[in-house]
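Worksheet: one structure, shown below.
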Amino acid sequence: GCQGWSTANFNDHVFATNNSDAPLVWLSSAPGSHFQELTAAAGYVDKARFVTEFENTLVFGCITEGAVVYAQRARWCDWGDHAAWASGDAGYADTAGNDGISGGFAASKGTLYCLKERSIVAMWLVVSDDVFNMAVVSTTIGCRAPNSVVVDGQGAVLFYATDRALRDLQTGVISEAVQRILREVPPDMLNDMRGAYIEELDEVWWALPYGSGSGENNRVLKYRKGTWNNSNFEVGAFGRFNRQAAMVWEDLPYASWEDWAWDTWESVEGAKGYPVDLAADYNGHVRALNASHTLDGEYFASHFVLESDLTEKEQLTRNKRLYHLQTYWRPWPVVIQAVIELKRDGEAEWQPVATIDISGRGEYAVVDTPCDFRGKHFAIRISCERPFGFVGLVADFTPAGMR
């Protein structure tokens, strides 16, 4: 049955397959047309779970030919011709081992990786009748979540593996810091996991269902150069498009130049071809991930929470008297205020600390805030009615005993 859709762009066409019906094709130069069956592949690829473009060929994986399923098979068309499946360089190869291609494909640095249930096979183009050579690169690790496969800006292949960890194909496990979250992904929802490389931020994002009763992707893990962040919001799908028209002075979508998040009015962000990464939720909303701080001209309210016992030795059993906060900010050229609130030892309500001015000039704005709070553990929330640039915080305190 249908295990989700796989798509690829090739020869100005879009190809789609779902392992349940015949592969489909759509001509992008005729936007009013509909998807149609790829009849040229009939008898060779009657169904397929995955499709990709590699070395100017269209490649299907985990295919059905007639009534026979070849879960290990990859089949490709003639060079540059998606209508030719029995001539020229068209052909197929069965990947080594009995496990099927379950994780799809990942192309990087001239190599196409076939991610299987318990192994990984590499394919590359050669100048012989074989067309592609193959070699097994892993016999113990495969991919459990096909939509988790991401190739980042440096060509690293990242994926959710059979050992329930996120891995870099070359360096191994990368998810030690977030393994607790990954252990809470329901095994029957792995097909719902989504991964994407966010070029503008140079980050890899994974949307996943967190918790046994989640039912949908409700957590986003963000990875960049060995560091992790995570956010709680819904992502049913990631996407990407390039801006189709350049913005000029007269049609910039802001009331004042002070509202721009760009460095200059002629920023690349306003240029034709500027890439915009997208995320869609389960209610029909699609959001740009790196394009704007506003929605219909109104700023998004922003906040975050820092939690700490204020000590390096994890002295949760000891009280501390917090008497001063020094915060560092990226200044805005307009008046902007941030609110600092605090909770002690899990108390129910946020306690006001201060409302501070973080506007100014120069590289940083530094704000000193006296306070007086006693507790063993502190949660500090910083919020603002518009986006803000927080750099860091120094907390001054004295030990206050066990009671």
>> Suppose every Lys and Arg Cβ carries +1 and every Asp and Glu Cβ carries -1, with no other charges. What dipole size does the range 151-241 come out with about its Cα centre, to the nearest 20 debye?
In response: 160
>> Could you work out [θ]222 nm for the chain from helices alone, using -39500 (n - 2.57) per DSSP H run of at least four and dividing by all its residues? Round to the nearest 500 deg cm²/dmol.
In response: 0 deg cm²/dmol
> Largest first, what is the accessible-area ranking of F35, F304 with a 1.4 Å probe?
Replying inline: F35, F304
> Please state the relative contact order of the chain as a whole percent: Cα pairs under 8 Å, 6+ residues apart?
Replying inline: 7
>> With a 1.4 Å probe and all protein chains kept in place, how do V391, V335 rank by accessible area, largest first?
In response: V335, V391
> Of V69, G110, P186, whose Cα points farthest to the positive end of the dipole of the chain (charges on the beta-carbon: +1 Lys, Arg; -1 Asp, Glu; origin at the Cα centre)?
Replying inline: P186
>> Ignoring ligands, DNA and RNA, please state the percent of accessible area on the chain from carbon and sulfur, probe 1.4 Å.
In response: 48
> Within the range 52-81, which GluC sites (Glu not before Pro) sit in a loop by DSSP and count at most 11 neighbouring Cβ atoms inside 10 Å?
Replying inline: none
>> How are the alpha carbon pair distances in the range 3-151 distributed across 10 Å bins from zero to the largest one, expressed in percent?
In response: 12, 45, 35, 7, 1
> With every protein chain left in place, what is the accessible area per residue of the range 343-391 in square angstrom, probe 1.4 Å?
Replying inline: 55
> What ranking, highest mean first, results for peptides 363-371, 204-212 when packing means the other Cβ atoms within 10 Å averaged over each residue?
Replying inline: 204-212, 363-371
>> Counting each pair of different Cα atoms once, what's the Kirkwood radius of the range 157-211 in Å, rounded to one decimal?
In response: 11.9
>> What are the extents of the Cα atoms of the chain along their three principal axes, in Å, largest first?
In response: 79, 57, 37
> Of the peptides 348-355, 12-19, how do they stack up when ordered by the mean number of other Cβ atoms within 10 Å, highest first?
Replying inline: 12-19, 348-355
>> Which residue, G389, G401, C371, has the largest displacement toward the positive end of the dipole of the range 355-403 when charges sit on each Cβ (Lys, Arg +1; Asp, Glu -1)?
In response: G401
> What does the charge dipole of the chain about its Cα centre add up to, to the nearest 20 debye, if the Cβ of each Lys and Arg holds +1 and the Cβ of each Asp and Glu holds -1?
Replying inline: 1480
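The values are calculated or read from the model by the stated rules, or taken from the named source; none is laboratory data. The shown structure was predicted, so the numbers you read here are calculated from the model rather than taken from an experiment. As a convention, Cβ positions derive from the backbone with ideal geometry for all residues, glycine included, and neighbour counts pool all protein chains shown. The accessibility values were calculated without ligands, DNA or RNA, using every heavy atom of the protein model including side chains. Shrake-Rupley method; radii C 1.70, N 1.55, O 1.52, S 1.80 Å.
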